[in-house]
Structures are given as structure tokens and as C-alpha cells.
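Undergrad: Could you have a look at this structure, given as C-alpha cells, before my questions?
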Amino acid sequence: MKMWNMSISLHWPCGTCLSLCIGLVERIEETYRGRLRNTTVLVRLKRFGMGPQTLKNFYSCTIESIQTGCITAWYGNCLASDHKALQRVVRMAQYITGAKLPAIQDLYTRRCQRKALKIVKDSSHPSHRLFSLLPHGKRYRSAKSRFKRLSNSFYPQAIRLLNS
């Protein structure tokens with residue numbers, strides 16, 4: 001898994017500057033370790049007296065957006081241990097912020113459904129033909145696959161989500 005280089009600097013009224021630097025990440029384990037390091041920024045913000053809503057906004061604007069970048073492409077084929085590691089980051093951030101945060105699986109489901117609905121509505125989309133309705137017109141035709149790697153990829157997962 002590759003993620004983009006990103007550097008974020010935050011300047012607070014009290015004269016403090018926090019930098020959050022995220023480099024290229026090769027594997028999800030490294031991503032997990034990196035997110036644990038980035039939660040220390042949340043701890044610093046909490047020590048500065050920021051409220052739970054501000055901490056939650058910071059989490060969703062930085063850590064969550066980086067953690068879920070292109071989630072529809074890579075999350076389906078992750079191992080269960082990788083899912084747990086990513087969810088641990090969410091739980092730790094939830095503990096620090098004191099606010100309820102959405103689970104990684106919920107974010108993945110929501111983004112898959114939203115992306116699939118956009119593809120279904122746009123007849124000029126290259127993947128529109130993969131979302132064909134069955135003759136009765138209520139459910140989408142599911143692609144058959146012999147391998148787990150294909151059945152866990154975005155399109156079959158999105159069809160299953162739309163059919164449920």
C-alpha cells in the first residue's frame with residue numbers, strides 16, 4: 001500500500017506550532033505504527049486544552065483522511081490482523097478525544113456505497129456496465145470469481161453492499 005507524502009503544520013494562537021509529517025508508507029503495519037505516532041499530536045492538543053469537538057475535527061481532517069485514503073481500493077483485501085490494527089488506531093483516538101468516532105469498517109462501507117451509487121448513476125463511467133440489474137430489476141448481477149482476491153475487490157463488494 002502506498003500513500004502520498006504529506007506534511008501539515010498547525011499554528012495555534014498560544015504561539016505553538018505542531019507539525020504532522022507523513023511519508024510514503026509501504027505496508028499497513030507501518031501505517032499502523034505511523035498513526036500511533038500521529039495520535040501523540042492529539043494528546044498534545046488535549047494538553048493545550050482543546051475541546052472534544054476540536055480534537056474530533058482534527059482527527060477526521062488529518063489522521064482519518066490519511067488512514068482512509070483510497071480505502072475502497074485496498075481495504076477489501078487486507079488481512080484480519082490489518083483490520084484490527086487500523087481499528088486500534090481509531091479506538092486510541094476515540095479514547096484521547098473523548099468523542100465517538102466511526103469504525104474503519106463503517107467508513108469503508110459508506111464510501112463503497114457512495115462510490116458505487118455514483119457509478120450506477122453515471123452511464124458514461126467505464127465501470128457502469130459492471131453494475132447491471134437482474135431481469136426483475138431489484139438487485140444487481142454479481143460477478144462470479146474463483147479467487148478470494150477478486151471477490152474481495154471493490155466491484156464485487158460494492159455490488160454486495162448495493163444488494164443488501
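Values in this text are rule-based calculations from the coordinates and carry no lab data. Keep in mind that this is a model prediction, so the values were computed, not measured. Glycine gets a Cβ as well: all are built from the backbone with ideal geometry, and neighbour counts include every protein chain shown.
Undergrad: What order, most packed first, do the peptides 41-53, 75-87 have when packing is the mean number of other Cβ atoms within 10 Å of each residue?
TA: 75-87, 41-53
Undergrad: Right, another one. Under 27 Å Cα to Cα from K148, which lysines show up? Leave out anything in the same chain fewer than 8 places away.
TA: Leaving aside lysines fewer than 8 places away in the same chain, those within reach of K148 are K2, K84, K115, K118, K138.
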